[in-house]
Amino acid sequence: MKTVNELEQCLSEPSDRLVRDLAKLDGDFLILGVGGKMGPSLAKLLRRGLAAAGKPAKITGVSRFSSGDLRRELEAAGIATLAADLLDEQALAGLPEAQNVIYMAGNKFGTTGREYFTWAMNAYLPGRVAEKYKTSRIVAFSSGNIYPLTDIKHGGASEETAPSPVGEYAQSCLGRERVFEYFSRKNGTPLVNFRLNYAIDMRYGVLLEVAKAVKEGRPIDLNMGMVNVIWQGDANEMAIRSLLLCESPPVTLNVTGPETVSVRWLAERFGNAFGVKPVFAGEEQPTALLSNASAAHAKLGYPRVPLRQMIEWTAGWVEAGGATLSKPTHFQERAGVF
């Protein structure tokens with residue numbers, strides 16, 4: 001892949017299993033927070049998947065759409081759009097009904113100093129949405145940040161691991177889950193809490209950050225020495241397919257790739273690709289933020305794009321000077337300060 005258009009085509013290509021699952025779903029679709037990093041490609045993937053399944057359902061994407069050409073881009077792809085501040089009660093009340101809701105709204109970066117806003121977006125708003133869409137299926141994006149750092153030798157936190165969020169962002173993510181759970185139990189709303197880390201495409205993500213640091217000769221922090229990654233297209237597909245898994249009380253799913261990946265090893269792979277020697281700082285700690293996604297893989301299958309393919313694509317993108325979003329993951333953060 002050399003261009004954003006090629007990347008977008010790859011991200012939005014539906015698999016046969018997605019098409020089969022979409023054929024089983026009835027009703028229209030609503031994507032709240034479609035303007036984030038993953039929302040546009042998820043909406044396009046859903047549109048292409050529904051077309052392949054012969055389903056005429058309407059997709060509506062909601063965001064503030066405060067800048068750029070995203071709204072025009074989505075509408076050209078066959079996705080209806082609404083510009084709305086979801087914290088505005090009138091705007092929320094005016095949203096269309098939909099049987100299938102994918103909740104991607106939230107706040108992470110910039111939490112420090114505006115903790116109140118993060119809590120409003122991540123823990124208050126879910127309750128308002130849950131009340132409005134009490135008869136819908138809801139897949140609510142969450143985060144592996146709700147888990148404690150775990151021993152790198154133990155394969156990552158599973159859904160049975162007790163949450164122990166570090167920092168206010170992670171705490172508010174657990175708050176989002178608890179609020180959705182309350183309304184799911186109260187109203188019988190079928191729901192999945194979708195605990196994701198870390199999705200990547202060529203323009204952002206852990207692999208891009210490590211690759212660029214290697215290429216530019218910048219030190220790579222090893223203190224968070226192990227990570228999980230998943231191709232954004234696979235994560236989006238799993239989110240859409242999770243609509244069929246929604247239950248009350250809610251289902252919780254960890255969503256990431258099957259590997260526990262060494263940051264040092266990643267840097268060395270990129271170093272081989274670029275013909276340079278990586279520069280390291282710090283040492284691997286005995287714990288890291290890791291998720292075990294074996295339950296999701298059992299229900300939904302393994303991701304289609306393997307790790308080495310992601311590495312190869314990322315190396316080629318960086319070599320070609322491909323576009324980036326300038327949105328770092330801060331995967332190195334151990335104290336939960338975002």
Original post:
So how many residues does the stretch 1-40 have that are under 18 Å from Gln309 (Cβ atoms) and assigned to a helix (DSSP H, G or I)?
Top reply: 6
Original post:
Between residues in the stretch 211-231 that are at pLDDT 95 or above and residues that are small (Gly, Ala, Ser) and assigned to a helix (DSSP H, G or I), which pairs lie under 7 Å by C-beta distance while being six or more apart or on different chains?
Top reply: Ala211/Ala315; Val214/Ala267; Val214/Gly271; Ile220/Ala213; Ile220/Ala267
Original post:
Taking the stretch 92-124, which residues are among the aromatic types (Phe, Trp, Tyr) and open to solvent by less than 30 Å² (accessible area, probe 1.4 Å)?
Top reply: Tyr103
Subject >> Yes/no for Ala273 being crowded, with 22+ Cβ neighbours inside 10 Å, in a helix (DSSP H, G or I), at pLDDT 95 or above and of a type outside the set (Ser, Thr, Tyr) >> reply: no
**OP:** Kindly indicate whether any position in the stretch 28-45 is surrounded by fewer than 17 Cβ atoms within 10 Å (Cβ to Cβ) and at pLDDT 95 or above.
**Re:** no
Original post:
Can you name the residue in the stretch 319-338 that is more than 18 Å from the chain's Cα centre (by Cα) and over 23 Å from Asn223 (Cβ atoms) and is also most open to solvent (accessible area, probe 1.4 Å) among such residues?
Top reply: Glu319
Subject >> Residue identified as more than 28 Å from Thr314 (Cα to Cα) and of a type in the set (Gly, Ala, Ser) among Ala98, Ala43 >> reply: Ala98
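Quick one: in the stretch 125-158, which of the residues that are of a type in the set (D, E, K, R) and part of a helix (DSSP H, G or I) is surrounded by the most Cβ atoms within 10 Å (Cβ to Cβ)?
Residues of the stretch 125-158 of a type in the set (D, E, K, R): 128, 131-132, 134, 137, 151, 153.
Among the residues that remain, those that are also part of a helix (DSSP H, G or I) are: 128, 131-132.
Details: Arg128: 16, Glu131: 13, Lys132: 14.
The selected residue is Arg128.
A quick yes/no check of all residues on (1) within 21 Å of the chain's Cα centre (by Cα); (2) at pLDDT below 95:
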| position | (1), (2) |
| --- | --- |
| Pro96 | no, no |
| Val101 | yes, no |
| Gly110 | yes, yes |
| Gly113 | no, yes |
| Leu125 | yes, no |
| Arg137 | yes, no |
| Ser143 | yes, no |
Subject >> Residue selected from the stretch 279-299 under the condition open to solvent by less than 20 Å² (accessible area, probe 1.4 Å) and in a loop (DSSP other than H, G, I, E, B), by the criterion farthest from Pro219 (Cα to Cα) >> reply: Ala293
Original post:
If a residue has to be within 22 Å of Ser164 (Cβ to Cβ), among the hydrophobic types (A, V, I, L, M, F, W, C) and under 19 Å from the mean Cα position of the chain (by Cα) to count, how many in the stretch 177-205 make the cut?
Top reply: 4
Subject >> Listing of strands (runs of 3 or more DSSP E) fully contained in the stretch 159-260 that carry 1 or more residues being among the charged types (D, E, K, R) and crowded, with 24+ Cβ neighbours inside 10 Å >> reply: 191-196
Original post:
When the stretch 47-91 is examined, which residues are found to be in a strand (DSSP E or B), open to solvent by 50 Å² or more (accessible area, probe 1.4 Å) and out of contact with any Lys or Arg (no Cβ under 8 Å at 6 or more places or on another chain)?
Top reply: Leu82
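The values are calculated or read from the model by the stated rules, or taken from the named source; none is laboratory data. Note that the structure is predicted; figures quoted are calculated from it, not measured. Reconstructed Cβ throughout: ideal geometry from the backbone, glycine too, with neighbour counts over all protein chains shown. Accessible surface areas use protein heavy atoms only, side chains included; no ligands, DNA or RNA. Shrake-Rupley method; radii C 1.70, N 1.55, O 1.52, S 1.80 Å.
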